[in-house]
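*Asks:* Input: one structure, supplied below.
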Amino acid sequence: MSEFYTSIANYYEQIFPVGAEKINFLMKSNPKTAIDIACATGEVMKEIQEKGVKVLGIDLDEKFVEMAREKDLDARKLNMLNLDEIDEKFDLLYCIGNSIAHLKEYDEIRKFLQKSYDRIDSGGRIVIQFINFEKFLENEDENGYLGSLPDIKNDEFTFHRNYFKEKDHIRFNTTLVVNDLIIENNEILFPLLKDEMVSIMQKVGFKNVKVYGNFKGEDFDEKVSLPVIMTGEV
Ligand SMILES: C[S@@+](CC[C@H](N)C(=O)[O-])C[C@H]1O[C@@H](n2cnc3c(N)ncnc32)[C@H](O)[C@@H]1O
């Protein structure tokens, strides 16, 4: 992974504020223990912990892990592909914010989901949020441009997000503009498809796999929904 997340770490929490709907959705199964895969600066973990849940977070980015630790959270630098290095099991495992798209291919995703399954206690739940790239891929123009997500803006900054096709992958191009400072980045993502993901979840052994269009728990609508939230039980 590039220095992408480190370079925007100081703005990350303003760009992606947490929101009550996300926390309520994660808390639906009433977990006592949880693991946040790709926890970034730990803001989601912090809110889950405040609800009385014992949470461990892992992330690949050192700066993010440091920022989470400064909040007295239990965060460790670990690649999600090495999840089997953790011994404990959890009631809830979540990996949100399209973090799973950082894995390179379906084989890696299957391995990660298998290791996730093994780390969830019987009766526990998994929550994965990602972008279903199907709609984007249908709209590719002659320059490989696929589409954008709405700009995130406040008085201090603007964050632009554009997606391009790059061979078998997606190039996620972001520009953060803070006064005179412009931080541009490109991150390679895997073009995840909802139906493929559901099939892998079922093959790995997750029961009752469900798909939602948002954290309110509304249905995924093929025509308009880009983010997908997938849940499953062990
Ligand atoms: C878009 S951010 C989402 C973070 C957070 N879950 C959220 O919803 O705001 C993606 C995160 O994935 C982390 N990441 C990318 N590849 C990873 C890997 N293989 N293992 C662990 N974390 C990874 C990045 O460091 C970054 O924090």
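*Asks:* What are the chymotrypsin sites (Phe, Trp or Tyr not before Pro) within the range 181-234 that DSSP puts in a loop, where the Cβ has at most 15 other Cβ atoms within 10 Å?
*Replies:* Qualifying residues, ordered by number: none.
*Asks:* I've got another one for you. Using C-alpha positions alone, give me the convex hull volume of the range 133-190 per residue in cubic angstrom.
*Replies:* 82
*Asks:* Given labels modelled 7 Å from the Cα in the Cβ direction, how far is it in nm from ASP219 to SER148?
*Replies:* Roughly 3.2 nm, to one decimal.
*Asks:* If you don't mind, there's one more thing I want to ask. Whole number please: convex hull volume per residue of the Cα set in the chain, in Å³?
*Replies:* 124
*Asks:* Would you mind ranking VAL55, VAL211, VAL224 so that the residue whose beta carbon has the fewest other beta carbons within 10 Å leads the list?
*Replies:* Ranking VAL55, VAL211, VAL224 by Cβ neighbours within 10 Å, fewest first, gives VAL224, VAL211, VAL55.
*Asks:* Could I ask something else about it? If you take every DSSP beta bridge whose two residues both sit in the range 92-171, what share of them, in percent to the nearest 5, is antiparallel?
*Replies:* Close to 70 percent.
*Asks:* For the chain, with the dipole built from +1 on Lys and Arg beta-carbon atoms and -1 on Asp and Glu ones, taken about the Cα centre, which of GLY97, SER199, SER7 lies farthest toward the positive end?
*Replies:* The residue sitting farthest along the positive end of the dipole is SER199.
*Asks:* Multiply the residue separation of GLN14 and LYS210 by 0.36 nm, subtract the distance between their alpha-carbon atoms, and state the gained length in nm to one decimal.
*Replies:* 67.5 nm
*Asks:* Then there is this: With a Cα-only, solvent-free Debye model of the range 19-73, what are the log10 I(q)/I(0) values at q = 0.14, 0.17, 0.22, 0.29 Å⁻¹?
*Replies:* -0.33, -0.48, -0.77, -1.18
*Asks:* Another question about this same structure. Write down the percent of antiparallel bridges among all DSSP beta bridges whose residues are both part of the chain, to the nearest 5.
*Replies:* Antiparallel: roughly 70 percent of the beta bridges in the chain.
*Asks:* Under a crude label model (7 Å from the Cα following the beta-carbon direction), how far is ASN186 from SER122 in nanometres?
*Replies:* Each label point lies 7 Å from its Cα, and together they span 5.0 nm.
*Asks:* So, one more: Compute the distance in nm between two label points, each set 7 Å from the Cα along the Cα-to-Cβ direction, one at GLU85 and one at ASP107.
*Replies:* The modelled label-to-label distance comes out at 2.2 nm.
*Asks:* State which stretch of the chain is the longest one without any exposed GluC sites (Glu not before Pro), exposure meaning a DSSP loop state and at most 16 other Cβ atoms within 10 Å.
*Replies:* In the chain, the maximal stretch lacking such sites is 4-69.
*Asks:* Any of LYS77/LYS216; LYS22/LYS194; LYS54/LYS207 with alpha carbons more than 28 Å apart? Name them for me.
*Replies:* The pairs that break the limit, which is 28 Å between Cα atoms, are LYS77/LYS216.
*Asks:* Size of the range 1-46 along its principal axes in angstrom, Cα-based, largest extent first?
*Replies:* Dimensions of the range 1-46 along the principal axes of its Cα atoms: 35, 19, 14 Å.
*Asks:* Under the rule a/c < 1.5 gives rounded, and otherwise a/b versus b/c splits prolate from oblate, where does the range 141-234 land using the Cα gyration tensor?
*Replies:* The shape class here is prolate.
*Asks:* Something else now. Would you report the distance distribution of C-alpha pairs in the range 73-125 as whole percents per 5 angstrom bin, up to the bin with the largest distance?
*Replies:* 4, 18, 28, 29, 17, 4, 0
*Asks:* Which residues among the range 163-190 fall inside the zone where the amide N is under 20 Å from a point 7 Å beyond the Cα of GLU196, along Cα→Cβ?
*Replies:* From the range 163-190, the list is 163-173, 187-190.
*Asks:* Follow-up. Kindly state, as a whole number, the per residue volume in cubic angstrom of the convex hull around the alpha carbon atoms of the range 43-98.
*Replies:* Once divided by residue count, the hull of the range 43-98 is 91 Å³.
*Asks:* Before anything else, pin down the relative contact order of the range 95-198: Cα pairs under 8 Å, at least 6 apart, normalised by residue count, whole percent.
*Replies:* So the answer I get is 24 percent.
Computed from the coordinates by the stated procedures, all read-outs in this text should not be read as laboratory data. Because the structure is a prediction, the values reported are computed rather than measured. Neighbour counts are summed over all protein chains in view; Cβ atoms, including those assigned to glycine, are modelled from backbone coordinates with ideal geometry.
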